[in-house]
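Undergrad: Sharing a structure, written as structure tokens. Questions coming.
The values are calculated or read from the model by the stated rules, or taken from the named source; none is laboratory data. Note that the structure is a prediction, hence the values are computed from the model and not measured. Reconstructed Cβ throughout: ideal geometry from the backbone, glycine too, with neighbour counts over all protein chains shown.
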Amino acid sequence: MVLEIAAVGGYGEVGRNMTAVRCNGEVVILDCGIHLPNYVKLTDEETGDVIKFDEKILRKAGAIPDDRSIESWWGEVKAIIPSHAHLDHIGAIPYVEHKYNAPIIATPFAAAVLKTICQNERIKLRNQVRTLLPNSSLRLTQNITVEFIHVTHSTPQCVLIVIHTPDGIVCYGNDFKLDNSPTLGRKPNYESLEALGTKNVAALILEDLYANDPRKMPSEGIAKDMLQDVLLGVNSTGKALVVTTFSSHIARLKAIADMGKKLNRKVLFFGRSLAKYAFAAEDAGIAYFSKDGVKIATYGRQVYQTFKEVEANRDKYMLVMTGHQGEPKAMMFRVLQNQFAFKLKQGDHVVFSCNVIPADINKKNRAELERQLRAVGCRIFTDIHVSGHCAREDLRDVISFIKPKHLIPCHGDKPKQEAFTSLAEEMGYSTKAKTLHVLNEGDRVTVN
Ligand SMILES: [Zn+2]
Ligand SMILES: [Zn+2]
């Protein structure tokens, strides 16, 4: 029998990840995400709500994967399995799942985030959501077993997915890093990763996003040290203190909140996406922001009122808000537009605990945001950040652990695919020998 892999989305492009694995008339779908820039274009300027969430419109805009390429497989799908809670892996599920009759299998955190997305968009899922903990397995059908191996990433409960079939094993590692000093949760499960190396794995689908970064990616512990240096090491007495980071980065948010406490500042989270992930973390039992004294201001009046309290005692708070990429609709810009009682002033500290995601729109937005922050005299601290992805030497380790027969890069555009190819060739794989398969959206390959 044959083991087939279909590259549905996120191959040769960054975003809307979706892969299908087929064995003996049974299919599992791995990830089903949105293409964030294309998705944002369709959202309401004011509220961030999707105003047109029709599947056809989203597909036409390139915001969700085009699963018509596997139309003949639709009736065979047995499960939809997101690897983690990032929107480029999970965000299209509410728009796509209705055409499949298959459970969604996710870690508790990813399931909690999915639930919130559905509530916000007022979508009722056709299929049941089942949770599976990292480092556990589930017998999906007589022939297919799904295994979740715990790995580290910039959002909690991220897993490397292993699909066991009678015709071979397929591993799917899309978004993770090998962090030996994570600040929340455990190290990657090296034991299970290395055990795969003895099992004749047929194929490894592996992210190539940082294949051109020649390092071993530094730990989240390093990011925490950098934060500490800026938040605790630079005197902010008497000044307002604003921090912005990725809303889904619970470990980072927790470090920020802990440092706010040390500074004797009350920690406040502003913005809907921060609330979404913070509450999902509480739901999944990963972090307890509210219990730890963080106030989460989500909607209209609550936000206005909280900003009023801040303005009266500017140096008694640490303000965590959305807008790290300079998004025009996020909190940071709204503060600069004087929409609230609180205003940024000369000497206030603004800490960017993030990188600028390399897209033209982000570079432009961030440059404008920083210009406006400087214009009011803020001190800006940028790039207090370490990525959550495998760099080249991590990828080399992962491939050495798992020793797959076939190697398939995903998540990157052409330059990333090329960087991955050069690494794969160093390790003895090649397109000529048909052990390395550089796929584009819509392609299929047989791997046994
Ligand atoms: Zn991703
Ligand atoms: Zn991710």
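Undergrad: So, in segment 152-183, exactly how many residues are within 13 Å of ligand 1 (Cβ to nearest atom) and touching a Leu at 6+ places or on another chain (Cβ under 6 Å)?
TA: Qualifying residue count, segment 152-183: 2.
Undergrad: When only residues in segment 186-215 that are touching a Ser or Thr at 6+ places or on another chain (Cβ under 7 Å) and in contact (Cβ under 8 Å) with a residue 40 or more places away in the chain count, which is surrounded by the fewest Cβ atoms within 10 Å (Cβ to Cβ)?
TA: Selected residue: Tyr210.
Undergrad: Scan segment 134-156 for residues that are closer than 24 Å to Ile399 by Cβ and either modelled with pLDDT under 95 or among the polar types (S, T, N, Q) (or both) and jot them down.
TA: Matches in segment 134-156: Asn135, Ser137, Thr145, Thr152, Ser154, Thr155.
Undergrad: Within segment 58-85, count every residue that is touching a residue at least 40 places away in the same chain (Cβ under 8 Å) and either outside any helix (DSSP H, G or I) or within 15 Å of ligand 1 (Cβ to nearest atom) (or both).
TA: 14
Undergrad: Looking only at residues that are within 25 Å of the chain's Cα centre (by Cα) and hydroxyl-bearing (Ser, Thr, Tyr) in segment 169-205, which one is nearest to Arg22 (Cα to Cα)?
TA: Tyr172
Undergrad: Quick one: Tyr39 ticks every box in (1) closer than 26 Å to Gly388 by Cα; (2) more than 15 Å from ligand 1 (Cβ to nearest atom) except a single one, so which number is it?
TA: Single failed check for Tyr39: (2).
Undergrad: Is it the case that segment 186-209 has a residue that's of a type outside the set (A, V, I, L, M, F, W, C), within 16 Å of ligand 1 (Cβ to nearest atom) and in the same structural domain as Gly12 (by TED's automatic domain parsing)?
TA: Within segment 186-209, one or more residues are of a type outside the set (A, V, I, L, M, F, W, C), within 16 Å of ligand 1 (Cβ to nearest atom) and in the same structural domain as Gly12 (by TED's automatic domain parsing).
Undergrad: Sort through Thr155, Thr198 and tell me the only one that's part of a loop (DSSP other than H, G, I, E, B), more than 16 Å from ligand 2 (Cβ to nearest atom) and not charged (D, E, K, R).
TA: None of the other options fit; the residue is Thr198.
Undergrad: Looking only at segment 81-98, count how many residues are within 17 Å of the chain's Cα centre (by Cα) and either among the small types (Gly, Ala, Ser) or under 11 Å from Asp67 (Cβ atoms) (or both).
TA: Number of matching residues: 4.
Undergrad: Which residue out of Thr298, Thr244, Thr237 is modelled with pLDDT of 95 or more, in contact with a strand residue (DSSP E or B) (Cβ under 9 Å, 6 or more places away or on another chain) and among the polar types (S, T, N, Q)?
TA: Thr244
Undergrad: Suppose the filter is in a helix (DSSP H, G or I) and in the same structural domain as Tyr304 (by TED's automatic domain parsing); does Arg396 pass it?
TA: Taking the combined requirement at face value, the residue does not satisfy it.
Undergrad: Oh, and also: Let me spell it out: the conditions are (1) within 16 Å of ligand 1 (Cβ to nearest atom); (2) more than 27 Å from Phe401 (Cα to Cα); (3) not hydrophobic (A, V, I, L, M, F, W, C), and Asp88 meets all of them except one. Which number is the exception?
TA: Answer for Asp88: the failing condition is (2).
Undergrad: For segment 316-353, how many residues are under 24 Å from the mean Cα position of the chain (by Cα) and assigned to a helix (DSSP H, G or I)?
TA: 3
Undergrad: Follow-up question, since we're still on this one. Kindly indicate whether any position in segment 188-195 is part of a loop (DSSP other than H, G, I, E, B) and among the polar types (S, T, N, Q).
TA: yes
Undergrad: Please verify whether segment 101-120 includes one or more residues that are among the hydrophobic types (A, V, I, L, M, F, W, C), away from ligand 1 (no atom under 16 Å from the Cβ) and more than 26 Å from Glu282 (Cβ to Cβ).
TA: Within segment 101-120 (the criterion being among the hydrophobic types (A, V, I, L, M, F, W, C), away from ligand 1 (no atom under 16 Å from the Cβ) and more than 26 Å from Glu282 (Cβ to Cβ)), the answer is yes, since at least one residue qualifies.
Undergrad: Suppose the filter is hydroxyl-bearing (Ser, Thr, Tyr), without any contact (Cβ under 8 Å) to a residue 60 or more places away in the chain and in contact with an Asp or Glu (Cβ under 8 Å, 6 or more places away or on another chain); does Ser181 pass it?
TA: yes
Undergrad: For segment 256-286, how many residues are crowded, with 23+ Cβ neighbours inside 10 Å, among the hydrophobic types (A, V, I, L, M, F, W, C) and out of contact with any strand residue (DSSP E or B) (no Cβ under 7 Å at 6 or more places or on another chain)?
TA: 2
Undergrad: Checking the structure you have, find out if any residue of segment 103-115 is within 25 Å of Val162 (Cβ to Cβ) and surrounded by fewer than 14 Cβ atoms within 10 Å (Cβ to Cβ).
TA: The answer is no, given that none of the residues of segment 103-115 is within 25 Å of Val162 (Cβ to Cβ) and surrounded by fewer than 14 Cβ atoms within 10 Å (Cβ to Cβ).
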